[in-house]
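Please read the structure below before turning to the comments.
The values are calculated or read from the model by the stated rules, or taken from the named source; none is laboratory data. Keep in mind it's a predicted model, so treat the numbers as computed, not measured. Glycine gets a Cβ as well: all are built from the backbone with ideal geometry, and neighbour counts include every protein chain shown. Note: accessible area is taken over every heavy atom of the protein model, side chains too, but ligands, DNA and RNA are not part of it. Shrake-Rupley method; radii C 1.70, N 1.55, O 1.52, S 1.80 Å.
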Amino acid sequence: MKKSTIWLLAGIMIIAFIGLLFLQVKYIQITMDSRDEQFEQSVKRSLYQVSRNLEFDQTLQYIEEDIIESEKQYTQYNRPQQSSSKSSVSRRRERWTSTNPDGSELTIDYDISTESIDSTEEPQHGVFISPGHGINTISKTSYELQQAFSKRYLHEKALQDEVILKIMYRASTKPIEERVDFRKLNSYIRSELLNNAGLSVPYSFQVVNQNNRVVYSTPGYPKENYTKKKEKAVYTQILFPNDPPARLNYLRVYFPTKGEYVFSELSFAIPSMIFTIILLLTFTFTIITLFRQKRLSEMKNDFINNMTHELKTPVSTISLAAQMLKDASITKSPDVFKHVTGVINDETKRLSFQVEKVLQMSLFDKQRATLKMKEKDANDLVVSVANTHDLKVQKYGGHLDIDLQAEESTVRIDEMHFTNVLFNLLDNALKYRKEDVPLRLVMKTWNDSGRLFISIEDNGVGIRKEYVKKIFERFYRIPTGNVHDVKGFGLGLAYVYKIVNDHKGTIRAESELGKGTKFIISLPLITQN
Ligand code: ADP
């Protein structure tokens, strides 16, 4: 697959995901808004009904009181007037006083009239019209019934008038705590929320009087200066909305679980979001893997080209030498013979070294290396590797120093593989040396935070910062690596990395282009008890 195709795929998928996420979020938002609105409507409707119920209760209470009072008056006024007259109107004068917010007093005098009608007289302005006298006994009885009914009607009307006046002028002056039974109010709220709106959610409430003082509050009601979130969960309803505006009382109801209620129907949104995120992650991982595979296949191609060249050269040299030995026309003096066999020997070594390198990697491709771990002194190992390499370094006019600072140096290692690791690093230092500067190599050991460190430092060509992280990858070769016509497969450091890791160690490189490279290996120490 072409790189551009992978990028195109990635672009399309990213746009699709962003679109999907946007739609999901939008849908959740809209659903939450409508749920919130629905909740608000239901609560407002219920609280309005609660306030109506309180008004009915108050009216009923006044009617009851008044009936008792009027009945008393009725019997009082009715008896003495029976002999003298027909209909009479009893008048009472009442005074309504209220204190204004500025402290001044407002007084209103008003008359309450109760009309009582004598049943023996014909009413002048009755509700029903007289059918005339003595037509027959049935119509007389009917007429009397009408009279009684009319009398009751007027009586009730007068009662109502009085009650209305009382409610208008007396009730609103009373403190709210005397007008409302808070336990009853609580039960009204509960039943209205349940019956009117089908809401059975926890709530707490408070009643605030005309002076903005809290008169009653249930335990869970939030304290003043509550947060915006809490503020949104508080609903206010005016109690007795027909009271004078300066004397209004308020009921405030707080729903602590409003957020959960609004979100409850959206519980599906969370798994759907999780699935989308999982999809996004899987997709990102797939794209990254695609790119990795692409690079790996490119590197493998380079490797095959490289390997073909590296293997072909010794093979063709050996076959040439063999032909020379076979050719009868060539005089095989001892010198020639020695030279040819020497060439064959060198090339065979080179060939086996190349094959060995490829095998090393393929052997460790999947499974963990089978290491033969032994306790070893790292300082000793460094000395022996340095001795072996010293000659080679000197051949190139270089110098190899060792600096053994590690006091604790016993580690568990596979000697063969770990020696290979150090060889590989020293080989690289030779391969990537600067032609014009004498090679200087330093091998150092030291202890730090319970671990052993080994470093190999050179003054070679160095590595660009952006490549340093990649050099431990398989088949990776720095593009400028070929400037010095240095051949390789890009496997040496991958092998080093794998072996060090299998020893529960770490390796990192510090390098600066043109100045040199330092490889630092750290290994766990064996604590000797
Ligand atoms: P190879 O040497 O076969 O190319 P390696 O895995 O040993 O593969 O190294 C990978 C790359 O790291 C090399 O191509 C080289 O450019 C760079 N490199 C390794 N060691 C050094 C070093 N000591 N100095 C500079 N560059 C190095």
- Message: Kindly evaluate residue 472 against the criterion of being in a loop (DSSP other than H, G, I, E, B) and surrounded by fewer than 21 Cβ atoms within 10 Å (Cβ to Cβ).
- Response: yes
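Quick grid of which residues meet (1) within 20 Å of the chain's Cα centre (by Cα); (2) modelled with pLDDT of 90 or more; (3) surrounded by 16 or more Cβ atoms within 10 Å (Cβ to Cβ):
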{"residue": "14", "(1), (2), (3)": "no, no, no"}
{"residue": "24", "(1), (2), (3)": "yes, no, no"}
{"residue": "32", "(1), (2), (3)": "yes, no, yes"}
{"residue": "45", "(1), (2), (3)": "no, yes, no"}
{"residue": "51", "(1), (2), (3)": "no, yes, yes"}
- Item | Criterion: open to solvent by 20 Å² or more (accessible area, probe 1.4 Å) and within 15 Å of the ligand (Cβ to nearest atom) - qualifying residue of 412, 440 | 440
- If we only count helices (runs of 4 or more DSSP H) wholly inside segment 330-437, which ones have 1 or more residues that are at pLDDT 85 or above and in contact with a Phe, Trp or Tyr (Cβ under 8 Å, 6 or more places away or on another chain)? 378-395, 415-431
- Does any residue of segment 70-92 turn out to be at pLDDT 75 or above, open to solvent by less than 50 Å² (accessible area, probe 1.4 Å) and in a helix (DSSP H, G or I)? no
- Item | Residues satisfying the stated conditions in segment 395-434, i.e. closer than 17 Å to residue 451 by Cβ and of a type in the set (Gly, Ala, Ser) | 406, 409
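Conditions tested, residue by residue: (1) under 23 Å from residue 526 (Cα atoms); (2) in contact with an Asp or Glu (Cβ under 9 Å, 6 or more places away or on another chain); (3) not β-branched (Val, Ile, Thr).
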{"position": "400", "(1), (2), (3)": "no, yes, yes"}
{"position": "403", "(1), (2), (3)": "yes, no, yes"}
{"position": "408", "(1), (2), (3)": "yes, no, yes"}
{"position": "412", "(1), (2), (3)": "yes, yes, yes"}
{"position": "417", "(1), (2), (3)": "yes, yes, yes"}
{"position": "421", "(1), (2), (3)": "yes, no, no"}
{"position": "435", "(1), (2), (3)": "no, no, yes"}
{"position": "438", "(1), (2), (3)": "no, no, yes"}
{"position": "442", "(1), (2), (3)": "no, yes, no"}
- Exclusive hit being out of contact with any Lys or Arg (no Cβ under 8 Å at 6 or more places or on another chain) and surrounded by 14 or more Cβ atoms within 10 Å (Cβ to Cβ), set 157, 151: 151
- Query: Do we have any residue at all in segment 197-209 that's of a type in the set (A, V, I, L, M, F, W, C) and free of Cβ contacts under 8 Å to residues at least 40 places away in the same chain?
  - Reply: no
- Query: Are there any pairs, at least 6 apart or on different chains, whose C-beta atoms fall under 6 Å, with the first in segment 1-28 and more than 21 Å from residue 270 (Cα to Cα) and the second in a helix (DSSP H, G or I) and open to solvent by less than 90 Å² (accessible area, probe 1.4 Å), and if so, which?
  - Reply: 6/290; 10/287; 13/283
- Query: Can you find a residue in segment 259-266 that is under 30 Å from residue 43 (Cα atoms), assigned to a strand (DSSP E or B) and not basic (Lys, Arg)?
  - Reply: no
- Item | Filter pass, residue 189 being touching a residue at least 24 places away in the same chain (Cβ under 8 Å), touching a strand residue (DSSP E or B) at 6+ places or on another chain (Cβ under 6 Å) and of a type in the set (A, V, I, L, M, F, W, C) | no
- Task: Filter segment 292-316 for residues that are free of Cβ contacts under 8 Å to residues at least 60 places away in the same chain and under 23 Å from residue 350 (Cα atoms) and give the result.
- Result: 301, 304, 305, 308, 311, 312, 313, 314, 315, 316
- State which residue is most open to solvent (accessible area, probe 1.4 Å) when the search covers only segment 487-527 and only residues that are near the ligand (Cβ under 10 Å from one of its atoms), within 23 Å of residue 411 (Cβ to Cβ) and of a type outside the set (D, E, K, R). 497
- Query: If we scan segment 416-429, do we find a residue that is touching a Lys or Arg at 6+ places or on another chain (Cβ under 7 Å) and buried (at least 16 other Cβ atoms within 10 Å of the Cβ)?
  - Reply: no
- Qualifying residues in segment 443-458 (those that are away from the ligand (no atom under 12 Å from the Cβ) and aliphatic (A, V, I, L, M)) - the one surrounded by the most Cβ atoms within 10 Å (Cβ to Cβ): 454
- With respect to residue 461, is the statement that it is assigned to a loop (DSSP other than H, G, I, E, B), within 13 Å of the ligand (Cβ to nearest atom) and touching a residue at least 12 places away in the same chain (Cβ under 8 Å) true? yes
- Within segment 390-398, identify whether any single residue is open to solvent by 10 Å² or more (accessible area, probe 1.4 Å), within 16 Å of the ligand (Cβ to nearest atom), out of contact with any Lys or Arg (no Cβ under 8 Å at 6 or more places or on another chain) and on the phi < 0 side of the Ramachandran plot, and answer yes or no. yes
